[in-house]
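Take a look at the structure below.
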């Protein structure tokens, strides 16, 4: 399996960062979470004057074999239709938010059951047209899983070469809340029923059917319960590419903005492989999908926003970006007591 070199940020610079934050012309701690974010990004970048450059949102698309079991409100073809809408119409939720906040949008075909035209601008990294149905067999082979990790990492390296040092990840894949629910259950021990929600809009009866299918898939699983096997057996191509992207971003000391339920569970899976990756992650928001708050609490995560979002695509992470930007501006643009003619008042 592809390996990464991920270390937690060097702590030696922490006291100097804290001193600089505390010397800004404000009462100590008065800017709350902005101070915490400035400290985290300063540690990631190993500088007292961090900067954010060329933010990117990488959106991976893929289809899921489990959709054959009726676990999603939306039909499978929505995956390719939305990918085309992002590419051609540029009228999706992720499009306007990327424009608003200056993000470069990278669309990646990880495993969509459709042949995109070359002129679409969608990056072709297709592993296979849809995963297999994990009610009956593993979603992907070990070779396919490794290819996803490699390709997800490659996209992030390209972003980094373009100057990006802060990145978010999104997904488009009908059925991927099912995979996320199973990963969440496997890695946290939270009962599967509490991990299973409405996805794109299931009714209460639909949620019950979805749970029954996922429970049967879990009961049928005969693997060895290692992190690698859980990821491979129940994952989606777009989700494993996101894991590879997150791990590569951490290796490159990039700041990672985490989106909603699916990307939170991708980070959860990435942590099983390389625990140090969490130090590079900022949680953008708490979404409305059932289970999201539970998995965030399990990870002791404190999301920046709670807007009732459940769209995916990276939208919640992008919405949170201006808060991170404010934290960096605070550190770089506020004057200090030691420089300004202001008496310390804390």
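FYI, it's all coordinate maths here, none of it is from the lab. Keep in mind that what you see is a predicted model, and the values were worked out from it rather than measured. Positions of Cβ are backbone-derived with ideal geometry, glycine not excepted, and every protein chain shown enters the neighbour counts.
Descriptive notes on the structure:
- Semi-axes of the equivalent ellipsoid for segment 80-162, Cα gyration tensor, largest first, Å: 25, 17, 11
- Axis of helix 204-220 versus longest Cα principal axis of the chain: the two differ by about 80°, to the nearest ten degrees.
- Measuring spread by the Cα atoms of segment 11-154 yields a radius of gyration and Dmax of 21.2, 62 Å.
- Sorting the segments 116-122, 102-108 by their mean number of nearby beta carbons within 10 angstrom, highest to lowest, gives 102-108, 116-122.
- Across segment 265-304, Cα-Cα distances exceeding 12 Å account for 59% of all pairs.
- Going from the residue with the fewest nearby Cβ atoms within 10 Å to the one with the most, 277, 78, 240 rank 78, 277, 240.
- Cα pair distances of segment 265-346 binned at 10 Å [whole percent]: 15, 37, 24, 15, 9, 0
- Length released on extending from residue 158 to residue 336, taking residue separation times 0.36 nm less the Cα-Cα span: 60.3 nm
- By average C-beta atoms within 10 angstrom, highest first, the peptides 60-66, 253-259, 193-199: 60-66, 253-259, 193-199
- Inter-label distance, nm, simple model (7 Å from Cα along the C-beta direction), residue 91/residue 225: 5.0
- Counted by neighbouring Cβ atoms within 10 Å, the residues 11, 228 run from fewest to most as 11, 228.
- FRET E, pair residue 19, residue 53, Förster distance 22 Å, beta-carbon r, rounded to 0.05: 0.30
- For segment 183-266, the extents of the C-alpha atoms along the principal axes are 44, 32, 21 Å, listed from largest to smallest.
- Point-to-point label distance, residue 300-residue 329, nm (Cα→Cβ direction, 7 Å offset): 3.2
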